[in-house]
Structures are given as structure tokens and as C-alpha cells.
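Participant: Okay, here's the structure, questions in a sec.
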Amino acid sequence: MEKILVVGAGAIGGITGAFIADKGYDVTLFDVDEKHVDKINKDGLFIDGIRGKKRIKVKAVKRIKGKYDVVFIAVKSQYTKDALKRVLPHLNKDGIVVSLQNSINEEVIASKVGIENTIGCVIGWSATNVKAGHLKFTSEGEFIIGKLNGKMDEKVEKVRDLLQNVAPVKVTNNIMGYLWAKLLINSAIASIGAIANANLGGIVRKKKSLVALAMVADELVRVAEKVGIELEKFEGLDPSFFKIDSYDDFKRVLAILKIAGKRHAGLRSTILQDLEKGRKTEIDYLNGYVEKKAKEEGIETRLNKEIIKIIKEMEAGKRKPGYENIEDVLKLVNIPQKWLNFKEKELEPALFNLPEKLKFEAAANMAGVFLMGSVAAFSKAFERITSSIIGKLFIRKSEWEISNIVLSKFLENAGENIAKMIKEGYDLKEGANEMAKAMLLFFNNANMENSVKARKGIIEIEARNCIFLNGSEKINIKEKIDFPVCKHLFNGFKKVFKADYEIKDAMCKNGKSCVFEIK
């Protein structure tokens with residue numbers, strides 16, 4: 001049987017290890033808190049909270065011995081390197097190390113055990129320490145796991161199977177997108193909570209701290225995007241919704257934070273808790289991690305820098321947590337006074353102000369759904385004809401065959417009209433080069449990712465994220481439509497630009513891309 005070690009038997013590590021042990025796995029908990037270890041060995045680990053009460057027998061140690069196949073690191077970020085020093089001599093060859101921590105420690109772990117043996121993890125559930133031998137499960141959620149290189153293999157599956165004994169597990173090929181999303185949310189809430197000496201409910205109830213939270217979230221999200229991170233949704237929050245480019249965006253972000261504040265009013269900053277206990281905080285591994293990445297890319301972060309400075313002063317005893325500290329953050333906020341004078345009644349409807357990028361995406365997707373929905377409606381109309389005796393004798397085509405013919409003619413005519421408008425509007429000439437420009441314009445306006453190459457007199461365009469395919473998937477008619485649909489559209493372009501094209505590769509139904517050769 002595989003041997004499992006959990007380093008850090010606090011709330012997250014202790015509950016994770018105990019629930020896995022309860023299913024019969026060989027689990028050892030390691031912790032430096034001797035009273036906690038002794039209590040676990042004597043009476044078992046007592047866990048209560050939202051899942052009821054449970055006492056689980058699990059081995060706990062004050063010193064690591066033997067060899068282990070899977071190691072879960074569940075210590076504060078500042079102790080990661082120390083934990084790895086303790087673990088490495090006891091890790092079997094090709095043993096797996098999983099981070100169950102705040103911040104992004106996977107890079108440090110991978111530098112010691114290799115990227116193939118490192119698995120990142122984002123935790124959506126929460127727990128707290130009560131006392132020695134007693135932990136409390138406070139909210140449900142899932143694990144999200146994956147390798148930094150996006151690789152799916154038996155090691156990821158092994159960790160998934162272990163963690164499923166604790167909570168639902170989602171496997172991703174973009175774990176950094178999830179890690180960053182959680183990091184940004186934690187960094188904004190934990191830092192402002194510490195500065196203002198307030199829980200989340202208290203932050204969003206007061207105008208100035210609410211604005212400070214919104215502006216910090218905006219700055220942190222921009223850093224992630226500039227660093228090249230593809231942010232994922234976490235706990236129902238889409239980080240892209242926190243970008244502020246206009247007053248509408250500003251109101252939307254405030255509205256989202258107000259709702260989050262009401263739902264999780266009692267959420268208390270981990271940084272503030274550490275300050276209250278006189279302990280060193282994780283600021284260097286939350287906001288500090290973002291700051292380090294920003295510096296590497298030459299990105300200015302005025303608010304984040306100020307926040308780190310204030311919290312460092314609190315750690316040193318030179319400043320106390322309190323609402324007055326918010327002023328030092330707001331003095332760096334460069335927004336119109338009108339924004340700061342927002343009215344509470346403006347916020348609720350502002351929740352539906354989509355960011356510009358998402359408005360664009362939504363419009364493109366709706367166009368695809370509308371067209372495919374029209375085709376589906378045609379098929380219903382044709383069904384009565386094709387299923388009749390006259391239809392069976394003389395038409396001899398199914399309703400979908402006819403619908404696809406109608407779709408091809410409609411798109412060819414539409415393509416011809418679109419091409420004429422582009423040709424006139426952009427003063428384009430005839431020929432392959434000009435047709436390629438027109439096609440790229442169409443793809444960009446349809447929110448379809450694309451890339452272009454030129455070789456030996458041929459222009460090659462690859463298009464992805466097809467709006468027609470997305471539309472057909474949303475209304476469940478993908479298998480009924482003849483893909484690639486856009487070939488009909490470009491038959492219309494072909495007439496206008498007097499150029500020819502071929503579809504070199506069409507993976508519409510699987511890879512969702514098409515490669516066009518214009519010549």
C-alpha cells in the first residue's frame with residue numbers, strides 16, 4: 001500500500017489526511033505542535049462542523065521517519081522551504097508532492113522535486129483549528145488539481161483518487177490559472193481586511209474600504225493578465241469582471257463585492273489573524289508574490305506596493321490595523337471624484353454591466369446561436385413536408401439535408417454582402433492578399449481566435465473558436481450541421497475578391513479549428 005505523509009496537521013492538512021486515512025490508506029500526519037500530535041495519537045483527530053461530528057484514528061508524528069510515495073504540504077507559505085528540507089530525504093524516487101497551501105508554492109516545490117512530481121492544488125472548502133486534537137470543517141467546496149505543465153497522467157489520477165475521499169476533485173490543464181485566481185482574491189480581501197481591521201462584511205459596508213478593495217482587485221487582475229496568466233473562474237467569481245475601465249465597470253465591481261460581502265460577511269483576513277497573534281504574516285507570499293512577478297515584467301503596482309509597506313509596518317509594530325489606514329491606500333487611487341461619490345442605489349443594476357471584452361464575446365456568440373437557432377426552426381418546418389407522402393416520393397431528402405442547403409445559400413449571399421462592405425469600407429482591391437485581410441477582419445469581429453502565415457505565394461489562416469460551432473453546441477444540433485459552415489460564407493468572399501481558397505484542415509467538430517489556404 002502507498003504511504004502518504006501530510007506535513008502540517010492544521011485545519012486543511014489535518015482534515016485532508018484524516019479523511020483519507022478513514023478510507024483505509026496508510027497516512028501519517030507530521031506537525032511541530034507536540035500537544036496536537038499527542039492528542040491525535042491518544043484520542044484520534046476530532047472533526048466537527050458542517051458534516052457533523054467525527055473522531056478519526058490516524059497516526060501523527062513529531063519527527064518524520066521512513067519513506068513516502070505521496071506528500072501533501074499544508075504549512076504556511078513562509079515555511080515551505082523548511083518543510084521540503086524535512087521531506088526530501090523521506091520521499092521515494094518519483095514520489096509526488098502536492099501543495100495544499102495559500103499562495104503559489106508549486107514553483108518552489110518543482111525546483112526541488114521536479115515538475116513531473118509536483119501537483120498544484122486549489123482548495124475551495126474551508127476549515128479552522130479549534131484546539132489540540134480538534135478541527136472544524138466550516139464550508140464545503142472542491143479541490144482543483146493539475147500539473148504546472150498541464151500534463152494529465154497517472155500521478156494526477158493518483159492524487160485525484162486520494163483527494164476524492166475528502167471533497168469533489170476537478171482536474172485541469174491550467175492549474176496556474178486557478179492558483180492565480182485564488183491568489184488574487186485572497187490577496188485583495190486579506191490585505192484590505194488587515195489594513196482596515198475588519199471582516200469582509202465590514203469592508204463592504206463602508207464606502208472607502210469598498211472602493212479600496214475594488215481598486216486593489218483591478219490592479220492585481222491586470223498584473224496577472226500582463227504576466228500572461230489565463231485566469232480561471234474560482235468559487236463562482238470571474239477575475240475578468242474585476243477590471244475597471246469605466247464608471248460602469250467601477251459600479252459593477254462594487255456590486256459584486258457587496259454581494260460577496262453579504263454572503264461571506266464573517267470571512268476574516270488570515271493576515272489580520274496573524275497580526276493579532278503577533279506572528280509573521282504571509283504577505284510576502286500573497287501580495288508579495290504578485291509584486292515579485294510585476295517587477296520581473298516591469299509593471300507598476302502603486303496600490304499593491306503601498307499595501308505591502310503598510311502591513312510590514314504593522315508586523316514591526318510601527319502601525320496598528322484600523323480603518324484610518326484606508327486613506328493611505330486611497331490617496332494613490334487615480335479615479336474621478338464623481339466615482340467616489342457613487343450612490344448605493346446605482347450598484348444593484350450595475351451588476352449586469354458586462355466588461356467590454358465580454359460584451360463583444362457575448363454579441364458574437366449570440367449571433368452564432370441566432371443563426372443556428374434559425375436553421376433548427378427551418379428543420380422543424382421542413383419536417384412536415386419531408387415526412388409527408390409527397391415529400392417521400394418527390395423530395396427524397398431529410399429535413400436537415402434541406403436545412404443545410406438553405407444555410408449554405410444564406411451564408412453565401414451574406415458572405416458576398418459582407419465582403420462588399422469590407423472591400424468598400426477599407427478600400428481593398430481584388431486578389432488573395434485582400435481577401436485574406438477581409439477574412440481576418442471577419443474572424444476578429446466574430447471573436448474567433450486566428451493566426452496567419454505566408455508561404456510560397458499562399459496565405460494560410462487558422463481560425464479557432466468558431467461561433468457557428470459554439471452556437472450549434474448550445475442548442476444541441478452540432479451533429480446535424482455540415483461543418484465547416486464558414487466555407488459557404490467565404491464562397492461569397494471569393495466572388496467579390498476574385499480569389500480562391502481551400503480548406504486545408506477542418507477539425508470543427510473536435511479541435512474547433514479550420515485552416516484556410518488563400519491563393
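The values are calculated or read from the model by the stated rules, or taken from the named source; none is laboratory data. The structure presented is a predicted model; accordingly, all values stated were derived computationally and were not measured. Don't worry about glycine lacking a Cβ; one is built from the backbone with ideal geometry, like all the others, and counts go over all protein chains shown.
Participant: Looking only at region 213-236, filter to residues that are assigned to a helix (DSSP H, G or I) and basic (Lys, Arg); which one of those is surrounded by the fewest Cβ atoms within 10 Å (Cβ to Cβ)?
Facilitator: Checking each candidate, the answer is 226.
Participant: Inspect all residues belonging to region 128-144 and state whether any of them is crowded, with 21+ Cβ neighbours inside 10 Å and out of contact with any strand residue (DSSP E or B) (no Cβ under 9 Å at 6 or more places or on another chain).
Facilitator: no
Participant: For region 39-97, enumerate the residues that are of a type in the set (Ser, Thr, Tyr) and more than 28 Å from the chain's Cα centre (by Cα).
Facilitator: Scanning region 39-97 gives a single hit, 68.
Results for (1) assigned to a loop (DSSP other than H, G, I, E, B); (2) closer than 30 Å to residue 265 by Cβ, shown as yes or no for each residue.
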site	(1), (2)
80	no, no
88	no, no
97	no, no
104	yes, yes
150	yes, no
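Participant: Continuing with this model, one more query. Among the candidates 65, 35, 39, 57, single out the residue that is within 21 Å of residue 95 (Cα to Cα) and either at pLDDT 95 or above or assigned by TED's automatic domain parsing to the domain that holds residue 165 (or both).
Facilitator: 65
Participant: (1) touching a residue at least 24 places away in the same chain (Cβ under 8 Å); (2) surrounded by fewer than 22 Cβ atoms within 10 Å (Cβ to Cβ); (3) under 27 Å from the mean Cα position of the chain (by Cα): which one isn't true of residue 444, the others all being true?
Facilitator: Only one criterion in (1) touching a residue at least 24 places away in the same chain (Cβ under 8 Å); (2) surrounded by fewer than 22 Cβ atoms within 10 Å (Cβ to Cβ); (3) under 27 Å from the mean Cα position of the chain (by Cα) is unmet by residue 444, namely (1).
Participant: Same structure again: Do you know which residues across region 440-474 are under 21 Å from residue 404 (Cα atoms) and in a helix (DSSP H, G or I)?
Facilitator: 467, 468, 469, 470, 471, 472, 473, 474
Participant: Within region 203-212, is even one residue touching a Pro at 6+ places or on another chain (Cβ under 6 Å), assigned by TED's automatic domain parsing to the domain that holds residue 320, buried (at least 19 other Cβ atoms within 10 Å of the Cβ) and within 25 Å of residue 301 (Cβ to Cβ)?
Facilitator: no
Participant: Which of the residues spanning region 192-211 are farther than 19 Å from residue 348 by Cα and in a helix (DSSP H, G or I)?
Facilitator: Step one: of region 192-211, the residues farther than 19 Å from residue 348 by Cα are 192-199.
Once the filter is applied, which keeps residues that are farther than 19 Å from residue 348 by Cα and in a helix (DSSP H, G or I), region 192-211 yields 192, 193, 194, 195, 196.
Participant: What about residue 147, is it out of contact with any Pro (no Cβ under 6 Å at 6 or more places or on another chain), at negative phi and without any contact (Cβ under 8 Å) to a residue 40 or more places away in the chain?
Facilitator: Taking the combined requirement at face value, the residue satisfies it.
Participant: Are any residues in region 123-135 farther than 16 Å from residue 74 by Cα and in a strand (DSSP E or B), and if so, which ones?
Facilitator: Matches in region 123-135: 130, 131, 134.
Participant: Out of the residues in region 338-378 meeting the condition of being aromatic (Phe, Trp, Tyr) and modelled with pLDDT of 80 or more, tell me which one is surrounded by the fewest Cβ atoms within 10 Å (Cβ to Cβ). Spell out how you get there, then give the answer.
Facilitator: If we filter region 338-378 for residues that are aromatic (Phe, Trp, Tyr), which is where we start, we get 339, 342, 352, 360, 370, 378.
Then keep just the ones that are modelled with pLDDT of 80 or more; that gives 339, 342, 370.
Working: 339: 17, 342: 17, 370: 10.
Top of the filtered list is 370.
Participant: When you scan region 487-519, how many residues do you find that are within 15 Å of residue 451 (Cβ to Cβ) and either aromatic (Phe, Trp, Tyr) or under 34 Å from the mean Cα position of the chain (by Cα) (or both)?
Facilitator: Count: 9.
Participant: Among helices (runs of 4 or more DSSP H) lying entirely in region 269-320, which contain 3 or more residues that are more than 24 Å from the chain's Cα centre (by Cα) and over 20 Å from residue 223 (Cβ atoms)?
Facilitator: 270-276, 302-315
Participant: When only residues in region 424-436 that are out of contact with any helix residue (DSSP H, G or I) (no Cβ under 6 Å at 6 or more places or on another chain) and touching a residue at least 12 places away in the same chain (Cβ under 8 Å) count, which is farthest from residue 495 (Cα to Cα)?
Facilitator: Within region 424-436, the first condition is being out of contact with any helix residue (DSSP H, G or I) (no Cβ under 6 Å at 6 or more places or on another chain), and the residues that meet it are 424-427, 429, 431-433, 436.
The next check asks that each one be touching a residue at least 12 places away in the same chain (Cβ under 8 Å); those that pass are 426, 431-433, 436.
On the way: 426: 17, 431: 11, 432: 12, 433: 14, 436: 13 Å.
The extreme case among them is 426.
Participant: To continue, here is another question. Whether any residue in region 475-483 is assigned to a helix (DSSP H, G or I), over 22 Å from residue 378 (Cα atoms) and among the charged types (D, E, K, R) is what I want to check.
Facilitator: No, the conditions are met nowhere in region 475-483.
Participant: So residue 103 clears everything in (1) at pLDDT below 95; (2) of a type outside the set (Phe, Trp, Tyr); (3) in contact with a strand residue (DSSP E or B) (Cβ under 7 Å, 6 or more places away or on another chain) except one condition, right? Which one?
Facilitator: (3)
Participant: Okay, next question. What residue, among those in region 403-439 that are among the hydroxyl-bearing types (Ser, Thr, Tyr) and part of a helix (DSSP H, G or I), is nearest to residue 465 (Cα to Cα)?
Facilitator: Across region 403-439, the extreme among qualifying residues is 408.
Participant: Ok, one more. Return the residues of region 484-505 that are surrounded by fewer than 17 Cβ atoms within 10 Å (Cβ to Cβ) and not in a helix (DSSP H, G or I); say none if nothing qualifies.
Facilitator: 498, 500, 502, 503, 504, 505
Condition check ((1) at pLDDT below 95; (2) more than 21 Å from residue 290 (Cα to Cα); (3) touching a strand residue (DSSP E or B) at 6+ places or on another chain (Cβ under 7 Å); (4) outside the structural domain of residue 305 (by TED's automatic domain parsing)) across all residues:
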site: 147; (1), (2), (3), (4): no, no, yes, yes
site: 150; (1), (2), (3), (4): yes, yes, no, yes
site: 157; (1), (2), (3), (4): no, yes, no, yes
site: 162; (1), (2), (3), (4): no, yes, yes, yes
site: 167; (1), (2), (3), (4): no, yes, yes, yes
site: 184; (1), (2), (3), (4): yes, no, no, no
site: 189; (1), (2), (3), (4): yes, no, no, no
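Participant: Would you check if there is a residue in region 119-127 being over 20 Å from the mean Cα position of the chain (by Cα) and over 30 Å from residue 328 (Cα atoms)?
Facilitator: Within region 119-127 (the criterion being over 20 Å from the mean Cα position of the chain (by Cα) and over 30 Å from residue 328 (Cα atoms)), the answer is yes, since at least one residue qualifies.
Participant: Tell me which residues, restricted to region 314-327, are over 13 Å from residue 207 (Cα atoms), surrounded by 13 or more Cβ atoms within 10 Å (Cβ to Cβ) and touching a residue at least 40 places away in the same chain (Cβ under 8 Å).
Facilitator: 314, 315, 321, 325
Participant: Looking only at region 328-362, count every residue that is in a helix (DSSP H, G or I), under 23 Å from residue 202 (Cβ atoms) and not aliphatic (A, V, I, L, M) and tell me the total. Reasoning before the result, please.
Facilitator: So the first thing to find is which residues in region 328-362 are in a helix (DSSP H, G or I), and the list is 328-330, 337-340, 344-350, 356-362.
If we keep only those that are under 23 Å from residue 202 (Cβ atoms) too, we end up with 328-330, 339-340, 344-348, 350.
Then drop every residue that is not not aliphatic (A, V, I, L, M), which leaves 328, 339, 344-346, 348.
The number of residues fulfilling the criteria is 6.
Participant: Also: Considering only region 152-182, how many residues are within 25 Å of residue 50 (Cα to Cα), in contact (Cβ under 8 Å) with a residue 60 or more places away in the chain and part of a helix (DSSP H, G or I)?
Facilitator: Result for region 152-182: 4.
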